[in-house]
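Input: a single structure, listed below in C-alpha cells.
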Amino acid sequence: MAEPASAVSSVMDSRSLAVTDDLSSASRVARCLRRLVPVLDSDEPIAAIVPWLCDKCPSEHSRRAYLADLATFFRHFAGLGVGPLDVTADHVAFYKESLVRAGRKPTTISRTLSVIRGAYQQFGRKGLVDWKTVGDIQAVESPRVKKNTTPALTEKEARELLHMPDTTTLIGCRDHAMLFTYFMTTCRASAVAHATVGDLDRSGADWFLTVTEKGSKEERKALIDASSAVLAWVERAGIADKHEYPLFPPIGRDGASVEDRHLTTHRIRNIVKKYARLAGIQVERPGRRAVCTHSLRKTSITSALNNGATMQQAKALAGHASIRTTELYYEENEKDAEEAAKRIQIR
C-alpha cells in the first residue's frame, strides 16, 4: 500500500474551496460536497453523510471545517486510486501518521479522525461499507489532546486589557464595549460577533444581551457593568434604533462611520491580541495556545470562581452542559490547598 506522504498537501485548497459557500441547508451542503469531491459520483454516499454532518454541526463554520477535512481525505485517496468506499483502517492509520509528520496539532488530527470515523459509521448504517471495516476504522485512535490549554489572564492583566482602548475615538469606544461584553457575559467569540442591536433588552434597571451560543442554544446574558459601555457605544455609533444592525460592526475607513456587517471572529481575535500586546501581555506562549477571545471567557469564569461563585453558578454563567467542563476552566490558586485545610473540622 502506498503511504500517503502528501496527505496534507491539499488541506488549504479544500478549505479555500469551501470558504465562500452557503452551507445553511442540507441541500447546499450536499451540493458543495459533490463539487469538492467529484469521486463521490453516486448520490448514496452523499445522502449518507449530509444529514449526519448537518445535525452534528449546526453552524456553517463547523460544517466548513468538516467538509474541508472530508474533501482533503477523499481527494487524496482518489489520487491514489482508492475510492471512498474502498478505504480501510490501514489507509486511515497511514493518513493519521502523515498528519503527525506534517506537524498538525493534536486537536486538528483528533477532529479530522473524528470526522472520518463519523462518515464511515454513516456508510456502514447505509450498507455501503461492511461493519467490520467500519469497526476497524473506529479503532484508529486519536492523539491525546490536553483539554482547555487556552491561557487565562490574571485579573490585573484583564483590567489593563479592558481599559487599553482609547474611548475618545469611535473604534476605541466600540472595542472597549466589546471587550467588556466578552468579560461580563463569558460568551464564545461567535455569539458576540453575530449579536445585533435588537438583541439588547432591558428589565427594570438591568440590561441583557440575548445571544446564540454553541449548538444553536439561545442564552440571555446579564451585561451588569458592561451595559453603560455598550449603551454609550451604540449611541455614539448612531445605531441605537437600528435593531437589525450588527452590535459590533466594522468602522468605516473615515473612522467616523460604521458598516452594516458583522465583524468576523478572526478580526475580533486580532483586536484582542492587539490590545493585549499594548497592555504588555505576552500573547504568543511557546508550547501553549496564544491569548485569544477564549482567554477572556476563561479569565472571567476563573475570576468568578476565585471571588466566591460556586462551581454550579459558574456552570450556569458559562452555559456548559456539564459541570466537568466548567471545572476544566478553573485555574488553581496557590492558596486553594490552604483554604481547603482551614475547613477541615478535626481539631
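The values are calculated or read from the model by the stated rules, or taken from the named source; none is laboratory data. Fair warning: this is a prediction, and the values are worked out from it, not measured in the lab. Here Cβ is always computed from backbone atoms with ideal geometry, including for glycine, and neighbour counts include all displayed protein chains. The protein model used for the area step is the full one, side chains on, heavy atoms only, and it has no ligands, DNA or RNA in it. Shrake-Rupley method; radii C 1.70, N 1.55, O 1.52, S 1.80 Å.
PHE94 contributes an accessible area of around 70 Å² to the protein surface, as traced by a 1.4 Å probe with all chains present.
For Cα Rg over 2.2 N^0.38 Å, the choices are (i) 1.07; (ii) 1.15; (iii) 1.00; which was calculated from the structure? Of the labelled values, this structure produces (ii). Starting from the Cα gyration tensor of the range 126-241, take the square roots of the eigenvalues, sort them a ≥ b ≥ c, and report rounded, prolate or oblate (rounded when a/c is under 1.5, otherwise prolate if a/b is larger than b/c, else oblate). Verdict is prolate for the range 126-241.
Our summary gives the chain a relative contact order of 14 percent, counting only alpha carbon pairs under 8 angstrom and 6 or more residues apart. Charge tally for ARG188 (other residues, Cβ to Cβ under 9 Å; Lys, Arg +1; Asp, Glu -1): +1. About its Cα centre, the chain has a charge dipole of approximately 600 debye under the convention of +1 per Lys or Arg Cβ and -1 per Asp or Glu Cβ, with nothing else charged.
In whole percents, the pair-distance distribution calculated for the range 207-281 from its alpha-carbon pairs, binned every 5 Å from zero, is 3, 12, 16, 23, 26, 14, 5, 1.
Using Cα-Cα distances under 8 Å and only pairs 6 or more residues apart, what relative contact order does the range 77-197 have, in percent?
18 percent
If you take all other residues with their beta carbon under 13 Å from the beta carbon of GLU213, and give Lys and Arg +1 and Asp and Glu -1, the sum is +3. A simple count of charges around ARG267, restricted to other residues whose Cβ falls under 14 Å of its Cβ and scoring Lys, Arg +1 and Asp, Glu -1, yields +3. Put the Cα centre of the range 31-46 next to the Cα centre of the range 257-327 and the gap is 38 Å. Entry note, the range 185-234: relative contact order of 30 percent, from Cα contacts under 8 Å with a spacing of 6+ residues.
Taking all protein chains into account, the per residue accessible area for the chain stands at 53 Å² (1.4 Å probe). In this view, the solvent-accessible surface of VAL92, computed with a 1.4 Å probe and all protein chains in place, comes to about 0 Å². Peptides 309-317, 181-189, 109-117 ranked from most to least packed give 181-189, 109-117, 309-317, packing being the mean of other C-beta atoms within 10 angstrom over each peptide's residues. Here are some pairs, LYS96/LYS298; LYS221/LYS298; LYS156/LYS273; LYS56/LYS221; LYS242/LYS315; LYS156/LYS217; which of them have Cα atoms lying more than 27 Å apart in this structure? Violating the 27 Å Cα-Cα cut-off are LYS96/LYS298; LYS242/LYS315; LYS156/LYS217.
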